[in-house]
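These notes are about the structure you will find just below.
The values are calculated or read from the model by the stated rules, or taken from the named source; none is laboratory data. Keep in mind the model is a prediction, meaning the values are calculated, not measured. So basically every Cβ, Gly included, is an ideal-geometry build from the backbone, and we count neighbours across all protein chains shown. With ligands, DNA and RNA removed, areas are computed over all heavy atoms of the protein, side chains included. Shrake-Rupley method; radii C 1.70, N 1.55, O 1.52, S 1.80 Å.
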Amino acid sequence: MTGSASVLPLENAFSDSLAMLNSEKAVEELIQQPILHGIDDHLIEFAEALRTVAKALRQAAEGKASAQAEASEWKRKYELERTHNLQLENKAMPSEKHLDENGRVVHLTNKPLLSDGAVEKSDRCCGEHGICSHQVLRDREHDHDASVVPNKMTRKASFKLSWCCKGEKSDQKKHDIVSFEKGNITTAERSSKQISLKWESPPQTVLILTKPNSIAVRILCSELVRWLKEQKSLNIVVEPRVRTELLTESSYYQFVQTWENDKEIMSLHSKVDLVVTLGGDGTVLWAASMFKGPVPPVVPFSLDSERYKEYLDSILRGPISITLRHRLQCHVIRDSAKSDLDSEEPILVLNEVTIDRGISSFLTNLECYCDNSFVTCVQGDGLILSTTSGSTAYSLAAGGSMVHPQVPGILFTPICPHSLSFRPLILPEYVTIRVQVPFNSRGHAWASFDGKDRKKLAPGDALVCSMATWPVPTACQADSTSDFLRSIHEGLHWNLRKTQSFDGPRET
Ligand SMILES: NC(=O)c1ccc[n+]([C@@H]2O[C@H](COP(=O)([O-])OP(=O)(O)OC[C@H]3O[C@@H](n4cnc5c(N)ncnc54)[C@H](O)[C@@H]3O)[C@@H](O)[C@H]2O)c1
Ligand SMILES: Nc1ncnc2c1ncn2[C@@H]1O[C@H](COP(=O)(O)OP(=O)(O)OP(=O)(O)O)[C@@H](O)[C@H]1O
């Protein structure tokens with residue numbers, strides 16, 4: 001166990017210092033020898049050095065001896081105090097037995113200790129939360145003889161666990177995460193697991209979002225719309241641009257719905273059961289950006305999906321394994337704002353928010369705070385605050401770790417920092433990060449959101465970022481983990497290396 005320093009017998013320390021004294025004396029005598037006088041300057045110098053060393057060793061030994069004497073005095077006082085306490089305890093409970101029939105720990109609450117038989121209740125613990133505990137721990141050396149009054153008894157400090165976030169107490173989810181049993185903290189449930197979605201009623205409306213300016217996507221889109229309508233009798237919603245494209249192709253697509261204004265986009269989440277994206281990662285980012293609140297399950301289709309009918313069929317039947325991709329909520333707070341509540345419309349990002357030097361030729365000067373604690377000042381090209389889902393995008397290029405998307409956290413990755421020791425960080429998901437452009441900054445900074453919507457941050461402005469309430473649920477092809485590994489193997493060629501040849505030197 002840490003903290004239990006071993007104490008040497010005092011005699012040892014004294015004999016150590018005695019030996020040191022003797023060696024110092026021996027050096028002294030050596031220098032005084034007439035034969036050595038004036039013979040060799042180097043020898044004298046060497047002897048002087050030896051004397052210094054011997055002196056230092058003696059002082060160390062003396063220090064050690066006095067520390068040990070002090071420690072042993074404290075130990076004696078502690079033993080005295082402990083014996084005294086045990087005597088008092090034994091007097092208070094002359095024949096109380098605190099072992100159960102198996103000789104295990106007995107909870108105070110199981111043992112009526114008050115004279116009227118009421119259960120003892122500490123004023124520090126209400127006993128109503130299910131995560132409070134008081135315990136009496138017993139040494140097992142007395143197990144064989146239950147009649148012996150225990151002489152080693154420690155009262156385990158009681159405590160209570162509760163959730164605190166940004167200084168506020170919230171008991172909302174404590175039962176999900178922490179269980180408290182016999183004073184030991186255990187994890188009851190981990191926050192993220194593989195999630196399975198099972199339809200309780202069949203999906204009826206599908207929103208299809210497509211990458212623009214791609215003939216292959218256009219062809220796939222019209223095929224898919226026809227199949228979903230004819231084979232699955234689904235309502236189809238597309239972007240206005242896509243509806244125009246479909247109608248240019250044929251008036252058959254009249255049944256396809258779209259929206260006319262932003263207000264209708266805002267209510268899409270309540271009408272759409274499933275979002276299908278035709279394109280790459282950018283199209284998924286685009287889909288996510290359309291939902292400022294809850295997001296329906298997203299099925300990302302890359303164009304090489306040949307068996308899309310089979311796959312979509314299984315999605316529509318369910319159950320689907322989904323990955324909850326966390327998003328970050330970003331607020332720009334201008335210097336003129338009266339408080340942090342006085343911010344511009346929040347912006348949700350699925351990959352990252354980047355604060356960089358933009359067109360400025362100066363280093364960024366960004367003061368970063370995490371829950372009001374100063375983190376660091378970013379002097380370089382900028383900073384990326386990324387989700388774990390976005391960890392394989394820009395943050396990766398800037399040297400950040402690749403993190404499984406189900407891991408809740410915020411990546412703090414500098415871009416070309418002008419410092420030799422600025423390593424990327426991963427912060428817990430519950431923190432709020434503030435990036436402040438100080439008044440003495442030479443230039444402006446620029447914030448961009450999933451690579452889009454650049455906003456200028458002037459000296460005095462800040463960007464405040466925390467985990468958003470609404471994640472983006474994406475359908476897995478297999479499950480979260482195998483999809484993640486497949487994407488880093490196939491998409492990024494992670495750790496691809498020629499296999500070492502069989503022949504060559506071997507260990508003997
Ligand atoms: N140096 C860089 O690597 C760099 C620079 C700028 C932007 N980006 C990334 O581009 C994203 C915007 O994407 P876009 O498609 O609109 O722009 P884009 O068309 O320029 O594509 C950027 C590339 O990033 C890839 N990408 C995007 N999100 C990814 C993710 N989560 N995991 C792995 N790869 C991902 C895309 O597949 C694409 O190859 C930004 O969010 C940012 O992460 C990267
Ligand atoms: N529906 C859309 N409307 C407007 N822009 C879109 C839409 N879908 C995608 N984009 C934009 O098109 C660009 C390219 O999209 P995407 O990443 O899907 O294609 P890609 O680059 O060919 O694929 P990959 O990511 O596999 O390389 C992105 O910048 C994205 O924001």
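I want to confirm something. Restricting to the range 324-349 and keeping residues that are in contact with a Phe, Trp or Tyr (Cβ under 8 Å, 6 or more places away or on another chain) and not in a loop (DSSP other than H, G, I, E, B), which single residue is surrounded by the fewest Cβ atoms within 10 Å (Cβ to Cβ)?
My answer is L348.
Can S389 be described as hydroxyl-bearing (S, T, Y) and within 16 Å of ligand 2 (Cβ to nearest atom)?
For S389, the condition - hydroxyl-bearing (S, T, Y) and within 16 Å of ligand 2 (Cβ to nearest atom) - is met.
Return the pair list, or none, for Cβ contacts closer than 8 Å from residues in the range 200-217 that are more than 13 Å from ligand 1 (Cβ to nearest atom) to residues that are open to solvent by 20 Å² or more (accessible area, probe 1.4 Å) and part of a strand (DSSP E or B), at least 6 apart or on different chains.
Here the result reads Q204/N235; T205/N235; V206/N235, each pair linking the range 200-217 to a residue that is open to solvent by 20 Å² or more (accessible area, probe 1.4 Å) and part of a strand (DSSP E or B).
Output yes when any residue across the range 297-315 is outside any loop (DSSP other than H, G, I, E, B), open to solvent by 50 Å² or more (accessible area, probe 1.4 Å) and out of contact with any Lys or Arg (no Cβ under 8 Å at 6 or more places or on another chain), and no when none is.
yes
Of these, V435, V403, which one is out of contact with any helix residue (DSSP H, G or I) (no Cβ under 9 Å at 6 or more places or on another chain), β-branched (V, I, T) and open to solvent by less than 40 Å² (accessible area, probe 1.4 Å)?
Of V435, V403, the one residue that is out of contact with any helix residue (DSSP H, G or I) (no Cβ under 9 Å at 6 or more places or on another chain), β-branched (V, I, T) and open to solvent by less than 40 Å² (accessible area, probe 1.4 Å) is V435.
Suppose we keep only residues that are more than 15 Å from T277 (Cβ to Cβ) and touching a helix residue (DSSP H, G or I) at 6+ places or on another chain (Cβ under 8 Å) within the range 236-248. Which one would you say is nearest to ligand 1 (Cβ to nearest atom)?
Keep residues of the range 236-248 that are more than 15 Å from T277 (Cβ to Cβ), which gives 240, 243-248.
Then keep just the ones that are touching a helix residue (DSSP H, G or I) at 6+ places or on another chain (Cβ under 8 Å); that gives 243, 245-247.
Details: R243: 23, E245: 20, L246: 24, L247: 27 Å.
Ranking the qualifying residues of the range 236-248, first place goes to E245.
For the range 305-363: of the residues being of a type in the set (S, T, Y) and under 19 Å from L197 (Cα atoms), which is nearest to the chain's Cα centre (by Cα)?
Once the filter is applied, the top-ranked residue is T323.
From (1) assigned to a strand (DSSP E or B); (2) within 24 Å of A397 (Cβ to Cβ); (3) in contact (Cβ under 8 Å) with a residue 60 or more places away in the chain, pick out the condition that doesn't hold for E429.
(1)
Mind checking whether some residue in the range 425-435 is within 12 Å of ligand 1 (Cβ to nearest atom) and touching a Cys at 6+ places or on another chain (Cβ under 7 Å)?
no
Of all the residues that make up the range 350-393, how many are closer than 18 Å to S441 by Cβ, open to solvent by less than 20 Å² (accessible area, probe 1.4 Å) and part of a loop (DSSP other than H, G, I, E, B)?
2
Return the pair list, or none, for Cβ contacts closer than 8 Å from residues in the range 461-487 that are open to solvent by less than 30 Å² (accessible area, probe 1.4 Å) to residues that are part of a loop (DSSP other than H, G, I, E, B) and among the polar types (S, T, N, Q), at least 6 apart or on different chains.
Correct list of pairs: V464/S343; V464/T432; C465/T432; S466/T432; S480/Q194; S480/Q406; D483/Q477.
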